[in-house]
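One structure is given below, encoded as structure tokens.
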Amino acid sequence: MRNQGVRGRRMIRKVSSEGVGYSVADLTQVRYLFASGVPRDGSDLFEQAYGALTTVARVMHEQGARNGIVRQDVFIRDAALIPDCKKIIEEFYCEDLPATDYIVQPPCGGKLLEIEAWGVSRNKDGVDIQRVSEHLVILRHSGITWAHCAGIVPHTTATSVHARALDAFTRMRDLLAENGFAYDQVLRTWLYLGDIVGPEGHTQRYKELNRARTDFYGGTSFLRPYLAPGVNGTVYPASTGIGAGDRDVMMSCIAFATERKDIRLLPLENPLQTSAFCYGKKYGQDSPKFSRAMAILGPEVTAILVSGTASIVNSETRFPGDVERQTHQTLDNIAALIAPENFAEHGVPGTGATLRDLVLARVYVKHQDDYAKVRAVCNARLGELPVTFAVADVCRPDLLVEIEGVAIASRA
């Protein structure tokens, strides 16, 4: 099924069918593509991986993005499958390998893996993709440089969450620095942690991850040269902190640089929620340091990177034990976050989005048995768009679902 729209000078097309969903959006004179590929058949890893890869590659080719995938997330059922999966993917892409995360989060649909990919059209001059490694791809176009960093794991022999997270943060910072980026240019992060709500000494593993993030960020002033006029006070990247099916830490991020004055960044907080970095001590000695979303304000459109969002109002969990109501509340939170009224409250009137302006979504479901209920709510409220549903533990024991995404809004 198709959903195509033009608002002002923005073009979005969304297609969803068996095995693949994708969105096409024109941003800063370049066509972006977001795709989710599910293997339609195949009994073993090779058949399913190759089926998902060829499905995504065919969509990218049809939309002018052949060899244009810059980041890719592979959701996989079991960590034991990762070495063989990496070999298949490396042989498939050869020199065009995207920055790739291998995330141990079983696809809710029952397959061995599912793939989410971000790409750009190569049809216009001035689009340059520098493939440094499977951990870093640098994209340049329209006077903007993006660094897509993926699959960063700690190399330390230390075993604590705090020490391993600090090591992974340091490795990510060093990789960016080796390629011309400072860590304060990061606008979006993903933090994956095995057994995220499990115990860690006298506390919880997620709380120790937040302590490491607080210690690493220190006095970093994020994104100051790029912020919209009037943005003052604390700024942190948008982020998702989510469980994964092993015991370790893995991280990825997007960093940003431009000298253009007509492209600014706007960190968004949610009118329905307390800022995460202002949570009280009951949620941990060190609060989660992230913004609810990061908006990239262009001259014609706004792209909104929505952080992992759950059924939390103010700072309290809503509807414990009821996955359908939690899913509705989560979507209500996202709707309030990206709404024109919230942009106006942040000092930027004339832009904003609805849930139907999402071009990509990722839904983390705590229990596989809840998948059908969560999917029904998302289908009804989000309409046609590429969505990945994966089984993952959420950062509080009473949270059953978490959703993140990308939205595109027009600018008046």
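Couple of notes before you dig in:
- Residue in the stretch 311-353 that is farthest from MET294 (Cα to Cα), counting only those that are in contact with a helix residue (DSSP H, G or I) (Cβ under 6 Å, 6 or more places away or on another chain) and of a type in the set (S, T, N, Q): THR327
- Qualifying residue in the stretch 253-267 (condition: at pLDDT 95 or above, touching a Cys at 6+ places or on another chain (Cβ under 6 Å) and either on the phi < 0 side of the Ramachandran plot or of a type in the set (A, V, I, L, M, F, W, C) (or both)): yes
- Whichever residue in the stretch 214-240 is more than 21 Å from the chain's Cα centre (by Cα) and β-branched (Val, Ile, Thr) and, among such residues, is farthest from HIS162 (Cα to Cα): VAL231
- Single residue of SER410, SER307 found to be in a strand (DSSP E or B), at pLDDT below 95, among the hydroxyl-bearing types (Ser, Thr, Tyr) and at negative phi: SER410
- The residues in the stretch 160-195 that are in contact with a Leu (Cβ under 8 Å, 6 or more places away or on another chain), hydrophobic (A, V, I, L, M, F, W, C) and surrounded by fewer than 18 Cβ atoms within 10 Å (Cβ to Cβ) can be counted, and the count is 1.
- THR189 vs. criteria of a type outside the set (Gly, Ala, Ser) and touching a Cys at 6+ places or on another chain (Cβ under 8 Å): yes
- Strands (runs of 3 or more DSSP E) contained entirely in the stretch 33-147, each with at least 2 residues that are surrounded by fewer than 23 Cβ atoms within 10 Å (Cβ to Cβ) and touching a Leu at 6+ places or on another chain (Cβ under 7 Å): 128-133
- Residue within the stretch 273-288 that is part of a loop (DSSP other than H, G, I, E, B), at pLDDT 95 or above, out of contact with any helix residue (DSSP H, G or I) (no Cβ under 8 Å at 6 or more places or on another chain) and not polar (S, T, N, Q) present: no
- Some residue of the stretch 199-206 being part of a strand (DSSP E or B), surrounded by fewer than 15 Cβ atoms within 10 Å (Cβ to Cβ), of a type outside the set (Val, Ile, Thr) and in contact with a helix residue (DSSP H, G or I) (Cβ under 8 Å, 6 or more places away or on another chain): yes
- The single condition among (1) free of Cβ contacts under 8 Å to residues at least 60 places away in the same chain; (2) buried (at least 18 other Cβ atoms within 10 Å of the Cβ); (3) more than 21 Å from the chain's Cα centre (by Cα) that ARG211 does not meet is (1).
- Scanning the stretch 49-70 for residues that are of a type outside the set (Gly, Ala, Ser) and in contact with an Asp or Glu (Cβ under 8 Å, 6 or more places away or on another chain) yields ASN67, ILE69.
- Qualifying residue in the stretch 177-189 (condition: within 18 Å of the chain's Cα centre (by Cα) and among the hydrophobic types (A, V, I, L, M, F, W, C)): yes
- Total residues in the stretch 265-281 satisfying the condition of being in contact with a strand residue (DSSP E or B) (Cβ under 9 Å, 6 or more places away or on another chain) and either more than 17 Å from ASP332 (Cβ to Cβ) or aromatic (Phe, Trp, Tyr) (or both): the figure is 6.
- The set of residues from the stretch 241-263 being within 15 Å of ARG224 (Cβ to Cβ) and either touching a Pro at 6+ places or on another chain (Cβ under 6 Å) or not in a loop (DSSP other than H, G, I, E, B) (or both) comprises ALA255, PHE256, ALA257, THR258.
- Within the stretch 62-73, the set of residues being at pLDDT 90 or above, within 19 Å of GLU95 (Cβ to Cβ) and out of contact with any helix residue (DSSP H, G or I) (no Cβ under 7 Å at 6 or more places or on another chain) comprises VAL70, ARG71, GLN72.
The values are calculated or read from the model by the stated rules, or taken from the named source; none is laboratory data. Keep in mind it's a predicted model, so treat the numbers as computed, not measured. Positions of Cβ are backbone-derived with ideal geometry, glycine not excepted, and every protein chain shown enters the neighbour counts.
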